[in-house]
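Peer 1: What follows is a single structure, and I will ask about it in a moment.
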Protein chains: 2
Amino acid sequence: MPPVDRSVVADVALFAGLGPAELDEVLREARSIRYPKDSAVFHQGAEADAFFVLLHGHLRVEKTTPQGQQIVVRYVSPGEIFGVAQALALKHYPATAVAAVESIALCWPSAAWPRLTAKFPSLAAKALQTVGSRLQDTQARVMELSSEQVKQRVAHALLRLAKQAGRRIETGVEIDFPISRQDVAEMTGTTLHTVSRILSAWEQQGLVEGGRQRIVLRDPHKLFALAEGRIPSARS
Amino acid sequence: MPPVDRSVVADVALFAGLGPAELDEVLREARSIRYPKDSAVFHQGAEADAFFVLLHGHLRVEKTTPQGQQIVVRYVSPGEIFGVAQALALKHYPATAVAAVESIALCWPSAAWPRLTAKFPSLAAKALQTVGSRLQDTQARVMELSSEQVKQRVAHALLRLAKQAGRRIETGVEIDFPISRQDVAEMTGTTLHTVSRILSAWEQQGLVEGGRQRIVLRDPHKLFALAEGRIPSARS
DNA sequence: TGCGCGGTTTGCGTCAGGACAACGTTCCGG
DNA sequence: CCGGAACGTTGTCCTGACGCAAACCGCGCA
């Protein structure tokens, strides 16, 4: 009675090196859980009693500053491992994960981590790579925040979103989950007002196409040029 | 003929779980190298052919943006492992490490990493924790850059420096290596002009004490209050 | 059908902090 | 001992982006 079938994790990079029997063994300890839109998978500060792999949907990971400011740390896409706090020797989750759309995740108790990594060292190596690439992303973001104008940062954010959760449609690339201007603002360290202004301007130029919690990139190439700082910030 | 003696790594957390014989085995593959002030340990973009543990001194890790802007990513203190690019599946170093003062580091060829982690799993676990805490730090910095004023960011930066490389002297806590206003600017995402102004103001209030490539915190407690955003940014 | 709420747009005033520039100071090498 | 370079200070100006506030829009719901 394996509660989780192998087929659902066929494309999860974390398990790439494992054979069918090993995979079953790992999955035997997991539970599959469904998270309705806007429900939290875990909360910042809560005890880190589990880690997860996202099967379906999209999560928004956010942190709140001591002063109450919210920041969107990143979005989680299917196939990713997340909530690995205890592997980093953290007792509590450092951030909150919220389902941006109805989502499904596999869930292991934290206690399983030491046992699984001991038995399957490739898991530890893969986790190290995942955390490493997350560190790369975060450092890239520090560099953006330190050296770029708001417009460039917004452009970068949109491109990144499109890359990891873009869906091709006739008129361009659509972000595959509901995302508000507020969310974009929290990703780029600015205010929703400024984001709204920028997107309105771009919409008039035909660069993007907006809507309620919806963003479509009509001209990613030009957007990229903007992000790179070429195009001196389209006057008037 | 072990080129490196056990005693020099007595306080390196990475090797905490290893016995004397195991330690010798690990150290047998290492070389100890001396880096004069201002020399580079490795360069951003260079092939990641080695990883390191700092024994003595301080390193400045910096990244250069495509547009040529430099950012100080962090400072490395004795006992830390660094340059673990290949463990994160990176072919090239993502940043440059420069000796802020004359420094000494242990150096292993990258090829040794898979072998050592296979034999001593605690190394992989420790590395995961190290990278994890680095990720925490970087995300904290993103939050600062996103939500705080320049003054608060500078205060935070000074406190962090003092914490990891502070030396108690009569008048307060001194940063233990030469650091210019430019460096502080590159840590906080601002310009050396602004940093200079801020530090001058603080010096007049007796909060800090400056000098050429030198910073002393005279009142860390008040500085902390400033960093937290209490004290509404000392008018006039 | 009308109401209300969450999300969005936009105008306007303000100001923190960046750009530019000139000058002072300390340190080092010849 | 002198000259220059690197580092730091300070003044002035200017603008990008934030704060506030008001209006708007579309969607879901009663």
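The values are calculated or read from the model by the stated rules, or taken from the named source; none is laboratory data. Small disclaimer: the values here were computed from a predicted structure and weren't measured. Cβ atoms come from the backbone with ideal geometry, glycine included; neighbour counts cover every protein chain shown.
Peer 1: Count, please, the residues in region B:199-232 that happen to be among the small types (Gly, Ala, Ser), away from DNA strand C (no atom under 16 Å from the Cβ) and not in a helix (DSSP H, G or I).
Peer 2: 1
Peer 1: Can you pull out every residue in region B:97-122 that is within 13 Å of another protein chain (Cβ to nearest Cβ) and not in a loop (DSSP other than H, G, I, E, B)?
Peer 2: Across region B:97-122, the qualifying residues are B:Trp113, B:Pro114, B:Arg115, B:Leu116, B:Thr117, B:Ala118, B:Lys119, B:Pro121, B:Ser122.
Peer 1: A further question on this structure: Could you please let me know if B:Val195 is closer than 17 Å to B:Ala140 by Cα and within 13 Å of DNA strand C (Cβ to nearest atom)?
Peer 2: Considered against the rule, which asks whether it is closer than 17 Å to B:Ala140 by Cα and within 13 Å of DNA strand C (Cβ to nearest atom), B:Val195 comes out as no.
Peer 1: Continuing with this model, one more query. Can you report the number of residues in region B:149-172 which are farther than 15 Å from B:Asp137 by Cβ, of a type in the set (S, T, N, Q) and assigned to a helix (DSSP H, G or I)?
Peer 2: 1
Peer 1: Filter region B:156-176 down to the residues that are of a type in the set (Gly, Ala, Ser) and more than 14 Å from chain A (Cβ to nearest Cβ), then identify the one that is farthest from B:Val76 (Cα to Cα).
Peer 2: B:Gly172
Peer 1: A follow-up question, please. Are any residues in region B:187-216 of a type outside the set (A, V, I, L, M, F, W, C), within 13 Å of chain A (Cβ to nearest Cβ) and away from DNA strand D (no atom under 11 Å from the Cβ), and if so, which ones?
Peer 2: B:Thr188, B:Gly189, B:Thr190
Peer 1: Within region B:123-145, does at least one residue satisfy the condition of being more than 19 Å from A:Ser147 (Cβ to Cβ), within 16 Å of DNA strand D (Cβ to nearest atom), part of a helix (DSSP H, G or I) and not polar (S, T, N, Q)?
Peer 2: Checking region B:123-145: not a single residue is more than 19 Å from A:Ser147 (Cβ to Cβ), within 16 Å of DNA strand D (Cβ to nearest atom), part of a helix (DSSP H, G or I) and not polar (S, T, N, Q).
Peer 1: Given (1) within 11 Å of DNA strand C (Cβ to nearest atom); (2) surrounded by 15 or more Cβ atoms within 10 Å (Cβ to Cβ); (3) in a helix (DSSP H, G or I); (4) of a type outside the set (Phe, Trp, Tyr), where does B:Pro178 come up short, assuming only one miss?
Peer 2: Looking at each condition in turn, B:Pro178 falls short on (3).
Peer 1: One residue is enough: does region B:131-139 have a residue meeting the conditions under 26 Å from B:Gln213 (Cα atoms) and aliphatic (A, V, I, L, M)?
Peer 2: Scanning region B:131-139 turns up no residue that is under 26 Å from B:Gln213 (Cα atoms) and aliphatic (A, V, I, L, M).
Peer 1: Of everything in region A:13-47, what is small (Gly, Ala, Ser) and either under 16 Å from A:Pro78 (Cβ atoms) or not assigned by TED's automatic domain parsing to the domain that holds A:Tyr93 (or both)? Give them in sequence order.
Peer 2: Hits for region A:13-47 are A:Ala13, A:Ala16, A:Ala30, A:Ser32.
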